[in-house]
1. Report, to the nearest whole %, how much of the accessible area of region 88-132 belongs to carbon and sulfur atoms, 1.4 Å probe, protein only.
2. Among the GluC sites (Glu not before Pro) within region 1-110, which fall in a DSSP loop and have no more than 12 other Cβ atoms within 10 Å of their own Cβ?
3. How large is ³J(HN,Hα), in whole Hz, for each residue of region 118-133 in order, when computed from phi with the Karplus curve 6.51 cos²θ - 1.76 cosθ + 1.60 and θ = phi - 60°, using x for Gly and Pro?
4. Given points 7 Å out from each Cα along the Cα-Cβ axis, report the I8 to Q115 separation in nanometres with one decimal.
5. Is it possible to state the helix-based mean residue ellipticity at 222 nm for the chain, with each DSSP H run of 4+ residues giving -39500 (n - 2.57), the sum divided by total residues, to the nearest 500 deg cm²/dmol? What is it?
6. Calculated from the structure, semi-axes √(5λ) of the Cα gyration tensor in Å equals which of (1) 42, 31, 22; (2) 34, 19, 12; (3) 29, 16, 12?
7. For region 3-85, with every protein chain kept in place, what is the accessible area per residue (1.4 Å probe, Å²)?
8. Tabulate in residue order the Karplus-calculated ³J(HN,Hα) for region 18-26, using 6.51 cos²θ - 1.76 cosθ + 1.60 with θ = phi - 60°, rounded to whole Hz; enter x for Gly and Pro.
Amino acid sequence: MSLTVRVITPDKVVWDGSVEEVILPSTSGQLGILKGHAPLLTALDIGVMRVRLEKDWKSLVVMGGFAEVENDELKVLVNTAEIGDAIDKESAKTEFSQAQSRLDEATKGGERRDQIQATTAYKRARARFQAAGGLV
(Lines give C-alpha, C1' and ligand atoms only; values in the text may rest on other atoms or scores of the structure.)
Protein backbone atom coordinates (compact mmCIF):
# COMPACT_ATOMS: atom_id res chain seq x y z
CA MET A 1 0.00 0.00 0.00
CA SER A 2 1.37 3.31 -0.93
CA LEU A 3 -0.92 6.27 -0.31
CA THR A 4 -1.62 7.45 3.24
CA VAL A 5 -5.18 8.68 3.72
CA ARG A 6 -6.64 10.55 6.67
CA VAL A 7 -10.31 11.54 6.79
CA ILE A 8 -10.79 14.07 9.57
CA THR A 9 -13.98 15.67 10.91
CA PRO A 10 -14.08 18.40 13.60
CA ASP A 11 -14.57 15.78 16.33
CA LYS A 12 -12.76 12.62 15.18
CA VAL A 13 -10.55 10.83 12.70
CA VAL A 14 -12.83 8.63 10.58
CA TRP A 15 -10.11 6.93 8.49
CA ASP A 16 -6.34 6.73 8.89
CA GLY A 17 -4.47 4.19 6.83
CA SER A 18 -2.63 3.23 3.68
CA VAL A 19 -4.50 2.51 0.46
CA GLU A 20 -3.76 1.84 -3.20
CA GLU A 21 -6.25 4.28 -4.74
CA VAL A 22 -8.88 6.87 -3.78
CA ILE A 23 -11.83 8.30 -5.68
CA LEU A 24 -13.09 11.62 -4.31
CA PRO A 25 -16.38 13.46 -4.95
CA SER A 26 -14.87 16.85 -5.83
CA THR A 27 -17.06 19.81 -6.71
CA SER A 28 -15.95 19.45 -10.34
CA GLY A 29 -16.63 15.69 -10.57
CA GLN A 30 -15.04 12.41 -9.52
CA LEU A 31 -11.30 12.67 -8.90
CA GLY A 32 -8.94 9.69 -8.75
CA ILE A 33 -5.80 9.78 -6.60
CA LEU A 34 -2.90 7.33 -6.88
CA LYS A 35 0.64 7.21 -5.49
CA GLY A 36 2.77 9.96 -7.02
CA HIS A 37 -0.15 12.33 -7.61
CA ALA A 38 0.82 15.96 -8.12
CA PRO A 39 0.17 18.31 -5.17
CA LEU A 40 -3.49 19.30 -5.16
CA LEU A 41 -6.03 21.18 -3.08
CA THR A 42 -9.68 20.68 -4.03
CA ALA A 43 -13.14 21.34 -2.64
CA LEU A 44 -15.29 18.29 -1.98
CA ASP A 45 -19.00 17.91 -2.60
CA ILE A 46 -21.44 15.78 -0.65
CA GLY A 47 -20.92 12.27 -1.96
CA VAL A 48 -19.22 8.91 -1.70
CA MET A 49 -15.47 8.62 -1.33
CA ARG A 50 -14.05 5.23 -2.29
CA VAL A 51 -10.74 3.77 -1.12
CA ARG A 52 -9.11 0.65 -2.54
CA LEU A 53 -7.26 -1.65 -0.18
CA GLU A 54 -5.45 -4.10 -2.47
CA LYS A 55 -8.46 -5.62 -4.30
CA ASP A 56 -11.31 -4.52 -2.02
CA TRP A 57 -13.08 -1.16 -2.22
CA LYS A 58 -14.48 0.58 0.87
CA SER A 59 -17.00 3.41 0.73
CA LEU A 60 -17.14 6.46 2.97
CA VAL A 61 -19.76 9.15 2.77
CA VAL A 62 -18.35 12.69 3.07
CA MET A 63 -20.46 15.78 3.60
CA GLY A 64 -18.46 18.49 1.88
CA GLY A 65 -15.05 19.85 2.75
CA PHE A 66 -11.56 19.91 1.28
CA ALA A 67 -8.88 17.45 0.23
CA GLU A 68 -5.15 18.05 0.00
CA VAL A 69 -2.64 15.76 -1.73
CA GLU A 70 1.07 16.17 -1.05
CA ASN A 71 3.98 13.69 -0.88
CA ASP A 72 1.77 10.58 -1.21
CA GLU A 73 -0.43 11.77 1.64
CA LEU A 74 -4.11 12.64 1.22
CA LYS A 75 -5.78 14.69 3.96
CA VAL A 76 -9.54 14.94 3.72
CA LEU A 77 -11.07 17.58 5.98
CA VAL A 78 -14.85 17.30 6.06
CA ASN A 79 -17.80 18.45 8.13
CA THR A 80 -19.10 14.90 8.61
CA ALA A 81 -18.06 11.45 7.39
CA GLU A 82 -19.19 7.87 7.91
CA ILE A 83 -17.80 4.53 6.80
CA GLY A 84 -20.33 2.83 4.53
CA ASP A 85 -20.20 -0.48 6.41
CA ALA A 86 -21.43 1.30 9.57
CA ILE A 87 -24.58 2.68 7.90
CA ASP A 88 -27.80 0.69 8.21
CA LYS A 89 -28.93 0.10 4.64
CA GLU A 90 -32.66 -0.03 5.39
CA SER A 91 -32.73 3.20 7.40
CA ALA A 92 -30.60 4.87 4.71
CA LYS A 93 -33.11 3.72 2.08
CA THR A 94 -35.99 5.15 4.12
CA GLU A 95 -34.16 8.48 4.57
CA PHE A 96 -33.47 8.59 0.85
CA SER A 97 -37.13 8.01 -0.05
CA GLN A 98 -38.26 10.71 2.39
CA ALA A 99 -35.66 13.18 1.09
CA GLN A 100 -36.73 12.46 -2.48
CA SER A 101 -40.36 13.20 -1.57
CA ARG A 102 -39.38 16.46 0.18
CA LEU A 103 -37.37 17.52 -2.85
CA ASP A 104 -40.30 16.79 -5.19
CA GLU A 105 -42.61 18.88 -2.99
CA ALA A 106 -40.15 21.78 -2.74
CA THR A 107 -39.55 21.76 -6.50
CA LYS A 108 -43.27 21.96 -7.29
CA GLY A 109 -43.76 25.38 -5.77
CA GLY A 110 -41.82 25.96 -2.63
CA GLU A 111 -39.65 28.92 -1.88
CA ARG A 112 -36.08 28.98 -3.16
CA ARG A 113 -34.76 28.49 0.38
CA ASP A 114 -36.87 25.34 0.81
CA GLN A 115 -35.62 24.02 -2.53
CA ILE A 116 -31.97 24.51 -1.51
CA GLN A 117 -32.51 22.79 1.85
CA ALA A 118 -34.38 19.90 0.22
CA THR A 119 -31.65 19.49 -2.40
CA THR A 120 -28.94 19.35 0.26
CA ALA A 121 -30.93 16.82 2.32
CA TYR A 122 -31.47 14.73 -0.83
CA LYS A 123 -27.75 14.74 -1.69
CA ARG A 124 -26.87 13.67 1.87
CA ALA A 125 -29.46 10.89 1.96
CA ARG A 126 -28.45 9.66 -1.51
CA ALA A 127 -24.75 9.57 -0.56
CA ARG A 128 -25.50 7.65 2.65
CA PHE A 129 -27.64 5.13 0.76
CA GLN A 130 -24.94 4.67 -1.90
CA ALA A 131 -22.20 4.20 0.71
CA ALA A 132 -24.34 1.64 2.52
CA GLY A 133 -24.55 -0.40 -0.68
CA GLY A 134 -27.87 0.82 -2.07
CA LEU A 135 -28.30 1.05 -5.80
CA VAL A 136 -28.93 4.71 -6.52
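The values are calculated or read from the model by the stated rules, or taken from the named source; none is laboratory data. In this text the structure is predicted, and so the values were computed from the model without any measurement. Here the Cβ is made from the backbone with ideal geometry for all residues, glycine too, and neighbour counts use every protein chain on show. Keep in mind that these areas ignore ligands, DNA and RNA; they rest on the heavy atoms of the full protein, side chains included. Shrake-Rupley method; radii C 1.70, N 1.55, O 1.52, S 1.80 Å.
1. That fraction is 44 percent.
2. For GluC sites (Glu not before Pro) across region 1-110 that sit outside H, G, I, E and B with at most 12 neighbouring Cβ atoms in 10 Å, the list reads E54.
3. Whole-Hz 3J(HN,Hα) from phi for region 118-133: 5, 5, 5, 4, 5, 4, 5, 5, 5, 4, 5, 5, 4, 5, 6, x.
4. With each label placed 7 Å out from Cα toward Cβ, I get 3.8 nm.
5. Working: 2 runs with 41 residues, N = 136.
Per the formula, -10500 deg cm²/dmol.
6. (3)
7. 52 Å²
8. 9, 9, 8, 7, 9, 10, 10, x, 6
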